[in-house]
Amino acid sequence: MLKRILSGFSGVSVLALMVAASSTVQARTADAADAGAAAADADSGEAIVVTGTRVTGLKAADSAAPVQVVTADVLAKVGQPSLTQALNQIVPSFTAQAFGGDASNLTLTAKLRGLSPNHALVLVNGKRRHPSANFHVSSGPFQGGFAPDLDLIPPQAIERVEVLTDGAAAQYGSDAIAGVINIILKSDRKGGSFSATAGENYSVGGRTVSTTGRLAIPLGENGFIDATGFFRFHDTTQLGGGDRRVANINGVPVTVAPTATNPGYGSLAGVAGFPNLNPIVSDAKSYLATGVVNAGYDFGGIELYGNATAARRVAIANEQYRAPNIVFRPLDGRTLQPGEAVSNNFILLYPNGFVPHLRLTEEDYAVSGGLRGEVSGWHWDASATYGRDRVKLQTVDSGNVNLYQDFGYTPKDFDDGGFIGTQLTLNLDVVKGLEVGLAKPLNVAVGAEWRRDSYEIFAGEYGSYYRTGAQSFPGFQPSSAGVNSRKSWSLYGDVTAYPTENWSISAAGRYEKYTDIGSTTIGKLTTRYDFSPAFALRGTVSTGFRAPSLGESYYRAISVSPTSETVQVAANSPAARLLGYQPLKPEKSTNFSVGVVAHPVPAVTITLDVYQIKVRDRIASTGAIQGLRAFTVVNQAVLDAIASIGREYDKTVPQVGIQTFTNAFNTRTQGIDLVVSATQDVGFGKVNWSLNGTYGKTKVTSVNLPATSFTPTTRGYIETAQPKFKVGLGALLTAGQFSANLRETIYGASSVPLSPDGANYYTARIPTAAITDLELGYKPSGWLELNVGASNLFNKKAPDVPYVPGSSATSPTSISGSQVFGAPLTFGGYGINGGYYYARVGVTF
């Protein structure tokens, strides 16, 4: 059915349908910060939205674009104190990353409608939010993510989140291909709150403790300051069993015989934790402190407004366990240092092996402010927004084998360098309603934007990158360091007309020019027709684009595991050109959607939207192009490209490869979104019902990569790693002092072909799963609230990574090449840690 509906899409047919039958409202940037529009409609209690429209006073159900509103009350009913986790549970088209490799595990990201994290634009009070500097380079469904970090904004500071699931690049510019997430901050003049939460996963650790304090005070007669402080500690989890390099699946120790050049190692059965020595499949331990201030003052005709956020995060991720024979040197008669041991005429730095850790210290802040007012009926808004994110990386509890062998000494902790990302955005928006004889005033809006982005990689200390570098995460070499920046400016405008009382049409256009990739012109046409108060039809056709992120263009680094080394070269570098790859060009998109809005009875709202998104020249990693396989040279050009950047590849690992980002393929995403909300009086209380569902699939329609690079795994991460459907049914019961919030979410099946050797592929599958969330609340007084609950009440977990059919019964080979027996699949929609159980106390004043 869906295929038949979508196969009929074309620019002509959709445009004809929209012009003949719908009504519209267009997207808005500057007015999204309007505190007055942030209130609920006085008569209906429905939220007034400011995302996807330049028309004031619009309710979500009356929007021509699909907008889902997540209010503060709904956010408060999610157990994990994290905006990312809250949206993952509440918004069907939103998918949070469950696990990442190396530095990606320290700042997890998310995406909309199954596209890239880079295809969803994030706003705070209607202003563009700067991205995280921690570029996600590790392979997987979220590879290439260079998006803002939602986790740095505490849920308690938020009035509501408006999620626009519609192409909106013509209104907002680059990145808004899949939609827009607009975070509206609280703007109270008085009152405050304090809350504390404690929780833990059922059997894998992950203890979490958080506290939040919020205070709102008046600023003179016509202003306010609303400030929130937040702290959260999240401990590491650990999943999986023994490491196959130290014991077989039954726990019988494995020994490695010494050779003339390697000490090998004997039984490690006496080591604490044996055989579960490898904690790689785990959450990072993290400490996060954030502060948010939102303020405004009305001078009588001119309003001054602004907000600021600041955050500091320290996170430590477990890396792969290293066996004792990884860092060693020949016995030379010198006195042993503490911790060293002699084995087979070699000195071992770590006689029991070791687990390196990757440590991140992140400092992030943003400031946004402006003036708005009215002159001769023209509403104007001038603003400036600046954000900066600095990430410092350290490899700790590790060693550099080349330093150890060449100089007899290696540090165990290394400063690896890091990243700094900045963004400065200036906006001017002007809006006016003109009487032209139509059913309603013609809404005219024009604006301009100027933006400067920069991305810096700074080098680590010498020992972190000397020859093969620190084990698990070599530092950034001076040749990798540097600052790259670009500027862009744009002109945009839209017009909303009302030919009749029930019909509106909007047209929007945008011209944008970048200093590094040239210019583009895009547009959008949206319309809606209300046949009656109970039924409306809406539709949109638009073109869009996304400029390559500076991370995709200029990131370069080295990743080393016990069995492989992958060198990431910048897409716009000579090394990439040696392999035949050209500098990145923008992605371009074409979006279609048709939807209905129904109010069958006064207390029920239903929206159903069918959509298609085509993305051309989509940017992705080439994957590891192997130069060395099983210690045998298979592609000398790869090794030459590595040498061209001054890197000596690690000759102790059997596989060495190189990868970069490129305009890899075209995709087509098709789907349906359903949102149903209802309120029911049950005599002793009230129930708010919600039914949210999404069905979507992405298909790679053409490929610009060689077959050796576009592997079945690469295709799987794009097409099948995300469940095709996600349905959530929620019921919030309030009865006097008691409340109960029940949410059932069904995740469809997902799968990815995986390979242990780059040659043979086997399908890993996560079946359909139903996840239950439950929270019970009690308010013994008007100022105190107590809650207990569980996310994933019945502790549902993803299945383990399968083993290669026919491999050893006592030491089977994982189809992913994992060294850990019983490791879970990590690409599922509901995470890897199972049930999370918590208690929360809140005080308001």
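The values are calculated or read from the model by the stated rules, or taken from the named source; none is laboratory data. The shown structure was predicted, so the numbers you read here are calculated from the model rather than taken from an experiment. Glycine also receives a Cβ, built like all others from the backbone with ideal geometry; neighbour counts cover every protein chain displayed. Side chains included, ligands, DNA and RNA excluded: accessible areas come from the protein's heavy atoms. Shrake-Rupley method; radii C 1.70, N 1.55, O 1.52, S 1.80 Å.
Take residue 209 and decide whether it is under 24 Å from residue 131 (Cα atoms) and outside any loop (DSSP other than H, G, I, E, B). It would help to see each step written out before you state the result.
Values: under 24 Å from residue 131 (Cα atoms): no; outside any loop (DSSP other than H, G, I, E, B): yes.
Spelling it out, it is not the case that residue 209 is under 24 Å from residue 131 (Cα atoms) and outside any loop (DSSP other than H, G, I, E, B).
When the strands (runs of 3 or more DSSP E) confined to the range 314-356 are screened for residues that are without any contact (Cβ under 8 Å) to a residue 12 or more places away in the chain, those reaching at least 1 such residues are found at 341-343. Checking each residue in the range 576-614 for being outside any strand (DSSP E or B) and either polar (S, T, N, Q) or closer than 30 Å to residue 533 by Cβ (or both) picks out 582, 599, 600, 601, 602, 603.
Which one is nearest to residue 390 (Cα to Cα) among residues in the range 424-439 that are assigned to a strand (DSSP E or B) and open to solvent by 30 Å² or more (accessible area, probe 1.4 Å)? Among those that are assigned to a strand (DSSP E or B) and open to solvent by 30 Å² or more (accessible area, probe 1.4 Å), it is 424.
Among the residues of the range 538-545, is there at least one that is in a strand (DSSP E or B), modelled with pLDDT under 90 and either open to solvent by less than 10 Å² (accessible area, probe 1.4 Å) or not charged (D, E, K, R) (or both)? Can you show your working first?
Within the range 538-545, the first condition is being in a strand (DSSP E or B), and the residues that meet it are 538-545.
If we keep only those that are modelled with pLDDT under 90 too, we end up with none.
No; the residues of the range 538-545 include none that is in a strand (DSSP E or B), modelled with pLDDT under 90 and either open to solvent by less than 10 Å² (accessible area, probe 1.4 Å) or not charged (D, E, K, R) (or both).
The residue that is farthest from residue 68 (Cα to Cα), among those in the range 678-699 that are polar (S, T, N, Q) and open to solvent by 50 Å² or more (accessible area, probe 1.4 Å), is 680. Would you confirm whether or not the range 629-648 contains a residue that is farther than 26 Å from residue 710 by Cβ, of a type in the set (Lys, Arg) and either outside any strand (DSSP E or B) or open to solvent by less than 50 Å² (accessible area, probe 1.4 Å) (or both)? Within the range 629-648, not a single residue is farther than 26 Å from residue 710 by Cβ, of a type in the set (Lys, Arg) and either outside any strand (DSSP E or B) or open to solvent by less than 50 Å² (accessible area, probe 1.4 Å) (or both). The set of residues in the range 68-113 that are open to solvent by 30 Å² or more (accessible area, probe 1.4 Å) and within 15 Å of the chain's Cα centre (by Cα) comprises 85, 99, 108.
When the range 440-494 is filtered for residues that are aliphatic (A, V, I, L, M), modelled with pLDDT of 95 or more, within 22 Å of residue 146 (Cβ to Cβ) and open to solvent by 20 Å² or more (accessible area, probe 1.4 Å), the ones remaining, listed by number, are 459, 483. Scanning the range 235-284 for residues that are touching a residue at least 40 places away in the same chain (Cβ under 8 Å), outside any loop (DSSP other than H, G, I, E, B) and surrounded by fewer than 21 Cβ atoms within 10 Å (Cβ to Cβ) gives a single hit, 256.
Of the residues 773, 800, the single one that is among the acidic types (Asp, Glu) and open to solvent by less than 20 Å² (accessible area, probe 1.4 Å) is 773.
Pairs linking a residue in the range 638-653 that is within 19 Å of residue 622 (Cα to Cα) to a residue that is of a type in the set (A, V, I, L, M) and open to solvent by 10 Å² or more (accessible area, probe 1.4 Å), with Cβ atoms under 6 Å and 6 or more positions apart or on different chains, are 638/625; 641/578; 641/579.
Being small (Gly, Ala, Ser), in contact (Cβ under 8 Å) with a residue 60 or more places away in the chain and buried (at least 23 other Cβ atoms within 10 Å of the Cβ) is true for just one of 421, 408. Which residue is that?
Working: 408 fails: buried (at least 23 other Cβ atoms within 10 Å of the Cβ).
After ruling out the rest, the residue left standing is 421.
Just one of the numbered conditions (1) over 23 Å from the mean Cα position of the chain (by Cα); (2) among the aromatic types (Phe, Trp, Tyr); (3) closer than 20 Å to residue 158 by Cα is not true of residue 265: (3).
The number of residues in the range 490-514 being of a type in the set (Val, Ile, Thr) and under 17 Å from residue 426 (Cβ atoms) comes to 0. In a residue-by-residue description of the range 166-178, the property of being on the phi > 0 side of the Ramachandran plot, touching a residue at least 60 places away in the same chain (Cβ under 8 Å) and touching a Lys or Arg at 6+ places or on another chain (Cβ under 8 Å) applies to at least one position.
Of the numbered conditions (1) within 30 Å of residue 475 (Cα to Cα); (2) at pLDDT below 95; (3) open to solvent by 10 Å² or more (accessible area, probe 1.4 Å); (4) in contact with a strand residue (DSSP E or B) (Cβ under 7 Å, 6 or more places away or on another chain), residue 565 fails exactly one; give the number of that condition. Exception for residue 565: condition (3).
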